[in-house]
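The values are calculated or read from the model by the stated rules, or taken from the named source; none is laboratory data. In this text, all values refer to a predicted model and were calculated from it rather than measured experimentally. Here the Cβ is made from the backbone with ideal geometry for all residues, glycine too, and neighbour counts use every protein chain on show. Heads up: the accessible areas ignore ligands, DNA and RNA and are worked out on the full protein's heavy atoms, side chains in. Shrake-Rupley method; radii C 1.70, N 1.55, O 1.52, S 1.80 Å.
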Amino acid sequence: MRRYGISILIAVLAISGIGGYYAFGSRNHLPEYRLETVQGDPAEGEVIRLMGSQYGDMRSQPLSVTSSGSEYGGQKNRTYRSEMLGLGSWFYHDPDMRQLIDDHKSFMRGKGNERGFYRDDELVIYAESDTKNLGESDQSSVVRLSILRENTGKATKFERTVKEPPDDSQLSVHDVQRVGDEVHVLFSNYKGMGVSMEYVVCIFDIHTGEMLRESILGGWPMNEENKDVHLELVASDRVAAPNDTVFIVAKEYRIDRTGENAGVVGDKLSEKHYAYSYRTGEYAELPEPLWQTAGEAQRAHSVQQEYLYDAEYGPQRVVLSRVDLQTKERENAYATVTAGQLGADINIVQIHGGRVYLTTVDPIGIPGAAVLDLATGELLYKGRIVETGERKQTEQEMIENLHLLNLSIAARSEG
């Protein structure tokens, strides 16, 4: 038996060695790419990271492509800082987050909720939520606050129970703001194991961590028999910056729960827009929607300083509109950029730091990217993926094998 055991072990090791050889060899021969400038300022394209997969022999490899080159998943041994700034933590590309890491490395360690940060000239605040004893009779919801004073570097931590047992809630932090000596934390609250959802703001004393009060911003039934609700929270894309107003968009759709069309989303039944001010505590449905959705168009939104920006887009165009948050004046379609102007169809649109970022596909199927000035719609940059390295695919092989479906931005500093 010992002889057979040794034979089996040798066979396993041989197979593993062959597999490792081919895996290593295939990784060493993976195509290399970069985002090449076609038009405009190359610096505008340096913040763009296109992500997806490279399809090869019976498998695919995750990769990302920038103006510097391509990187396949798992290629590098990462230090703490490179992990914080790497592919798995895209929000740390934001200049606010990078500055926080540089200024307060110890405070930032272990804090991974991109919407849990706030920073002004005096304080850095971080909030996260946790559900204790999930599914048990003594289930409760707690909030952990970490408050760092910039002038002393001293951090204070609080843990407060905000939902007492028996609790059927699951809280998730979406925004943190400071109003005077209060910390305002905006949560989504899924109740009854997803039967309904509400947005709620809990207000804490900045010195003691005690919860002072809460404001319910509205509740919506989920998973009803014949309809479903899609909720969107619209806030600033600068995750740690002070901001007074957030918007909630609630859309009801007809949906089938049974039969061959079970789960298929049908016609939109209603769409309502709401606004909430941290400073005043006022929450109300807006008398007019922030935007009108036409046909199958998709949208990207962002609160940027005194404006709420809206990008309505499809393969053939992106249309920019904005609302002045102080005067409530609207400027519809103040800029339009077409696929004809770009020489490529439009896939994904994001708004970050005074720019509109687009992923594109040219007429023969090569992916690329473009950058617009948010204020004017001016085309600042256009780029195209090219293959680099000695061993290159044919153009058709590149089109068939390279699939870049996501976009990440190392957000630009304002000014």
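What to note about this one:
- Rounded D (µm²/s) - region 296-372, Kirkwood Rh over Cα pairs, Stokes-Einstein at 25 °C, 0.890 mPa s: 191
- Centre-to-centre separation between the Cα atoms of region 107-122 and those of region 162-223: 18 Å.
- Simple label model, 7 Å out from Cα along Cβ direction - residue 257 to residue 149, nm: 5.4
- In nm, spacing of pseudo-spin labels at residue 338 and residue 280 (7 Å Cα→C-beta vector): 4.2
- Scalar couplings 3J(HN,Hα) for region 97-109, obtained by applying the Karplus form with A = 6.51, B = -1.76, C = 1.60 to θ = phi - 60°, are 5, 4, 5, 4, 5, 5, 7, 9, 4, 5, 5, 7, 4 Hz; x denotes Gly and Pro.
- Under 13 Å of direct C-alpha separation, and excluding same-chain neighbours fewer than eight residues apart, residue 328 reaches these aspartates and glutamates: 288, 306.
- In Hz, Karplus ³J(HN,Hα) per residue of region 387-393 (6.51, -1.76, 1.60; θ = phi - 60°; x = Gly, Pro): 8, 10, x, 7, 9, 10, 7
- Amide H contacts under 5 Å for residue 212, placed H, 5+ residues apart: 203, 204, 205
- In the complete set of protein chains, residue-level accessible area for residue 230 is approximately 80 Å², probe 1.4 angstrom.
- Note that region 165-283 presents 47 Å² accessible area per residue, ligands and nucleic acids not counted, probe 1.4 Å.
- Sequence-distant aspartates and glutamates (8 or more away, or on other chains) whose Cα lies within less than 12 Å of residue 392: 32
- For region 125-222, the percent of C-alpha pairs falling in each 5 Å distance bin, counted from 0 to the bin holding the largest distance, reads 3, 14, 23, 24, 17, 10, 5, 2, 1, 0.
- Surface share of carbon and sulfur [accessible, 1.4 angstrom probe, percent] for region 323-415: 45
- As a ratio to 2.2 N^0.38 Å, the alpha-carbon radius of gyration computed for region 230-285 takes the value 1.58.
- Surface composition of region 205-282: carbon plus sulfur atoms contribute 43% of the solvent-accessible area (1.4 Å probe, protein chains only, all chains present).
- Between the amide H of residue 39 and those of 382, distances stay under 5 Å, these residues lying 5 or more places away or on another chain, with hydrogens modeled in the peptide plane.
- A DSSP coil position with no more than 13 other Cβ atoms inside 10 Å describes the following GluC sites (Glu not before Pro) in region 288-372: 296, 306, 329.
- Since only 247, 236, 220 are under comparison, the one whose Cα sits farthest along the positive direction of the charge dipole of region 193-247, derived from C-beta charges on Lys, Arg, Asp and Glu, is 236.
- Annotation: average projected area of region 287-415 is 9.5 square nanometres, based on the convex hull of Cα atoms across all directions.
- Shape index of region 105-178: Rg/Rh, with Rg the Cα radius of gyration and Rh the Kirkwood radius from the inverse mean 1/r over Cα pairs, equals 1.04.
- Remark on residue 389: its backbone amide H falls under 5 Å from none of the residues 5 or more positions apart or on other chains, H modelled at 1.01 Å from N.
- The lysines within cross-link reach of residue 163, meaning a Cα-to-Cα straight distance under 19 Å and a gap of 8 or more places when in the same chain, are 132, 191.
- Residue-by-residue Karplus 3J(HN,Hα) for region 273-283, coefficients 6.51, -1.76, 1.60, Hz, glycine and proline x: 10, 10, 10, 9, 10, 5, 5, 9, x, 7, 9
- When 196, 68, 60 are compared by accessible area of protein heavy atoms, the largest-first order is 68, 60, 196, using a 1.4 Å probe.
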